[in-house]
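Taking it in order: structure first as structure tokens, then the write-up.
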Amino acid sequence: MELSGAEILIKCLQAEKVEYVFGYPGGAVLFIYDELFKQNKVKHVLVRHEQGAAHAADGYSRSSRKVGVALVTSGPGVTNAVTGIATAYMDSIPMVVITGQVPTHAIGLDAFQECDAVGITRPCVKHNFLVKDVKDLALTMKKAFYLATTGRPGPVLVDIPKDVTTAKCKFEYPETISMRSYNPVVKGHPGQIKKAAQLLIEAKRPMIYAGGGVILSDAAHQLTRLVKILGFPCTNTLMGLGGFPGTDKHFVGMLGMHGTYEANMAMQHCDVLVAIGARFDDRVIGDPAHFGKMPRKIVHIDIDPSSISKRVKVDVPIVGHVPDVLDDLIKLIEAGKQRPEPKALQAWWAQIAQWKTKNCLRYDRNSKIIKPQFVLEKLYEITKGDAIITSDVGQHQMWAAQFYKFDKPRRWINSGGLGTMGFGLPAAMGAQLANPGATVACVTGEASFQMCIQELSTCKQYRLPIKVVNLNNRYMGMVRQWQQFFHGNRYSESYVDALPDFVKLAESYGHVGIRIDKPADVALALKEAFKRTDELVFMDFITDQTENVYPMVEGGKGLTEMILAEDL
Amino acid sequence: MRHIISILLENEAGALSRVSGLFSARGYNIESLTVAPTEDASLSRMTIVTSGSGDVIEQITKQLNKLVEVVKVVDLFEAPHLERELMLIKVRAGAKERDDMKRMSDIFRGRIIDVSEDTYTIELTGTGQKLDAFIEALGRNVILETARTGACGISRGQRVLRI
């Protein structure tokens, strides 16, 4: 029996066990929506803007290790989704984005709602396809899911012209697939792993630096084991938080531009550095020349060869799937009798303890105005560290990363690479749908939140009981902080005037809104909010306008050239 | 330093723009780029002449390998190799210049492939340097038009680029 392209597409999604599609209908995808209507295996979540669809699919994936699927129409549907696709690309999130396209005979003729979806998204997808013939549709969908999830994951876009959704052919979904031009490496090179093991054992001042690759490849277990066997200090990047337990004594905090003093100092002064699923980016190591001044041996484990020796030259590169490589490395170390020299390690930990006495995350606990850090500490206490936290981008994101301790992977969901304001709420929708019983909180600021505020309506429609923690300082806080530090206190356009009454706004969408402006009320408000397990609660915390994120490494400076609270 | 990178890639619509887009997005140089299908019609071979430090060339080959449609990448500068470029050059060849032009063409082992009352069109192959030398030797004022293909290259001896 022959099926239409639209029917085939839905069958492919069913075959891939897709639970949710996040989307928004339009002319070019009407036949696809018609087929969605006729079945009930694949559920559709109607967002209010296509950016929300992409972020929701992204949050769904990050919190569940499944593929996020978004469906949007041609032209503006695609361009609205681009920010979300680029966000997923920068953080290597497996997503399949299905876009409608004008009919094949109209392509290139400036048709209504036409845009070159494949051309526009080419630099921000792992791969993309334009399906010109219905006979290629099933195979293309198979390839899309395969590419999105294997190797270094990423978003894959499939552009389907309207006439392809009506054309018919026989449906056959391939069981397996192989592509001659695409063969991601899994196993690490044994010789290299041996070299790495030797370096680790001989290390006097070792440091383990683990990034988002550990989360994406589900290697948290192996990473934790490796650290425990060796007794080494471990730091996580912003993307890697939860890859190693945040409450463990071996954890020295996040590193980087707003990393802890001890993590950045240990990173700079170690003699053997093991980078795992991380990419030495500018927000993590600052100026590479400054970083390179200190002699150290570097082992770098990553699935993507192009991440290795891109910004920093490494001594032992290991290309492979992180859990496989770590399994082999652990086996090798356990089988051998050698262990790192305890005396040297003790001295190194003593040095780290010394750095810790800087107490770099301290803030004024006696303030009469709500300190944002205090809200996050209370959020951590009241959720018992067990919530899925999404965030937007800016100061609140950094405070959440510093003050909420993530013990498990896939609990911390933020736009690290692209830094997309507006990510938090739609990502929380995806996370809540993927984890129906879980506590999901979105830590945001009044500026970020307004970039995807329309999704409050989606939250109502699907009864998503997200808890929004709005740290409202009436500024684009991070912009204001940079202007204070580096632009002579000239707060050019970073003050947000004419803010809405967020309480009334939340209520108008049918949610609960609370405003909190005294430190004494913070804990109570949070407790009340989290008791309401079936409602979205918007908590508008009126926070200190002038609070800054410390420590801070100025862009382009060396990792240890930190501005600390005490310096000001 | 100058490098010649040869790429085998799937002969599919859009593959060329993925490669050229990669070079512009990451700020790599392209001196020339040629592409045509191979004896296996499902594959194209692309030759890119680029320049950069060793680190940059390493990144270029890694980034190219990362493109899903790229099957194989080789930097021909890693081993002895041959390099050729084709140029069609139209020169002024009136009664006054005719003999000179013929002689110059012979010296450079060019072939005159079209003749008109006032012009010769000469076909010349060789390394880019040889083509440059020919242009230099003729002098700008006799040259009416040039069309160059950009370099293509192949390894010497037993080394082959195939799947």
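Points to keep in mind about this one:
- Trypsin sites (Lys or Arg not before Pro) within the range A:174-268, DSSP loop, no more than 15 other Cβ atoms inside 10 Å: A:ARG180, A:LYS187, A:LYS204, A:LYS249
- Note on A:TRP348, A:TRP482, A:TRP399: ascending count of other Cβ atoms within 10 Å places them as A:TRP482, A:TRP348, A:TRP399, the fewest first.
- Cα-based reach from A:LYS132 at 14 Å (exclusive), listing aspartates and glutamates while leaving out same-chain residues under 8 positions away: A:ASP116, A:ASP159, A:ASP163, B:GLU12
- Listed residue pairs exceeding 23 Å between alpha carbons, taken from A:LYS384/A:LYS527; A:LYS195/A:LYS313; A:LYS194/A:LYS405: A:LYS194/A:LYS405
- Axis angle, to the nearest 10 degrees, between helix B:128-138 and the longest C-alpha principal axis of chain B: 20 degrees.
- Alpha-carbon centroid distance for the pair the range A:151-205 / the range A:225-271, whole angstrom: 28
- Against chain B, whose longest principal axis comes from its Cα atoms, helix B:15-25 is set at around 90 degrees.
- Counting only Cα atoms, the range A:305-411 measures 56, 35, 31 Å along its principal axes, largest extent leading.
- Normalised contact order of chain A, rounded percent, pairs of Cα under 8 Å and 6 or more residues apart: 14
- When A:SER63, A:SER367, B:SER6, A:SER178 are arranged by Cβ crowding within 10 Å, least crowded first, meaning fewest neighbours, the order is A:SER178, A:SER367, B:SER6, A:SER63.
- Against the rule of thumb 2.2 N^0.38 Å, how large the Cα Rg of the range A:421-525 comes out: 1.19
- Residues A:HIS269, A:HIS300, A:HIS105 arranged by fewest to most Cβ contacts within 10 Å: A:HIS105, A:HIS269, A:HIS300
- Direction-averaged projected area, Cα convex hull, the range B:29-138: 9.3 nm², rounded to one decimal.
- Excluding the site residues themselves, the longest part of chain B lacking any GluC sites (Glu not before Pro) in a DSSP loop with at most 10 other Cβ atoms within 10 Å is B:40-116.
- The value of relative contact order for the range A:4-103, using C-alpha pairs under 8 Å at least six residues apart, is 30 percent.
- Links that overshoot a 23 Å alpha carbon limit, given the list A:LYS310/A:LYS331; A:LYS310/B:LYS66; A:LYS187/B:LYS72; A:LYS17/A:LYS170; A:LYS11/A:LYS170; A:LYS249/A:LYS343: A:LYS310/A:LYS331
- The Kirkwood hydrodynamic radius of the range A:172-220, based on inverse pair distances between different Cα atoms, is 14.6 Å.
- The Cα-based radius of gyration and maximum Cα-Cα distance (Dmax) for the protein assembly as shown are 29.3, 101 Å.
- The charge dipole of the range A:508-568, taken about its Cα centre with unit charges on the Cβ of Lys, Arg, Asp and Glu (plus for the first two, minus for the last two), comes to roughly 320 debye.
- The lysines within cross-link reach of B:LYS102, meaning a Cα-to-Cα straight distance under 23 Å and a gap of 8 or more places when in the same chain, are B:LYS90, B:LYS130.
- Loop sites in the range B:79-160: trypsin sites (Lys or Arg not before Pro), DSSP, at most 13 other Cβ within 10 Å: B:LYS96, B:ARG109, B:ARG156, B:ARG159
- Separation of alpha-carbon centers, the range B:1-33 and the range A:356-423, rounded to whole Å: 43
- Cα gyration tensor shape for the range A:35-153, rounded if a/c is under 1.5, else prolate or oblate: rounded
- Here the relative contact order of the range A:287-338, from alpha carbon pairs under 8 Å that lie six or more residues apart, stands at 32 percent.
- Within chain A, percent of DSSP bridges classed antiparallel, to nearest 5: 10
- Across every pair of non-identical alpha carbons in the range A:334-472, the mean reciprocal distance, once inverted, gives a Kirkwood radius of 17.1 Å.
- DSSP-loop trypsin sites (Lys or Arg not before Pro) across the range A:490-565, with at most 14 other Cβ within 10 angstrom: A:ARG490, A:ARG532
Each value in this text was obtained by applying a stated rule to the coordinates, not by laboratory testing. Fair warning: this is a prediction, and the values are worked out from it, not measured in the lab. A quick note on method: Cβ atoms are made from the backbone with ideal geometry, for glycine too, and the neighbour counts reach across all protein chains shown.
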